[in-house]
Amino acid sequence: MNKYGPTRGEHLFRLIFSIFGLAMIGLLFALRGVPNGPGLVEVVGIAALFFGVTLVLSARALLRRDQG
């Protein structure tokens with residue numbers, strides 16, 4: 001067990017937060033449609049990249065961590 005890294009609870013929080021963030025982006029697309037121009041990259045692209053990477057890294061950390 002790594003005593004300096006994030007705890008299992010923190011990884012679980014990050015995973016749930018990322019799922020919620022991606023769901024909000026999906027809701028944004030459903031209600032407002034896909035934005036045009038630089039807003040697509042600046043707001044949606046960076047946010048989706050952040051939530052997606054956080055989701056993958058948190059899920060990977062939770063799956064790799066010893067359960068004992």
* Asked: By how many degrees, between 0 and 90 and to the nearest 10, does the Cα long axis of helix 46-64 differ from the longest principal axis of the chain?
  -> 20 degrees
* Using alpha carbons only, how many degrees (0 to 90, rounded to 10) separate the axis of helix 8-32 from the longest principal axis of the chain? -> 10 degrees
* Asked: For the chain, which whole percent of the accessible surface, found with a 1.4 angstrom probe, sits on carbon and sulfur atoms?
  -> 70 percent
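Enter the accessible area per residue of the chain (Å², integer; probe 1.4 Å; all protein chains in place).
I get 80 Å² per residue for the chain.
How big is the dipole moment of the chain about its Cα centre under a simple scheme where the beta carbon of each Lys and Arg is +1, that of each Asp and Glu is -1, and everything else is neutral? Debye, nearest 20, please.
Details: 7 positive and 3 negative charges, 51 e Å.
Charge dipole of the chain: 240 debye, to the nearest 20.
The values are calculated or read from the model by the stated rules, or taken from the named source; none is laboratory data. Treat the numbers as computed from the prediction; the structure is a model and nothing was measured. Glycine gets a Cβ as well: all are built from the backbone with ideal geometry, and neighbour counts include every protein chain shown. Ligands, DNA and RNA are excluded from the accessible area calculation, which covers all protein heavy atoms including side chains. Shrake-Rupley method; radii C 1.70, N 1.55, O 1.52, S 1.80 Å.
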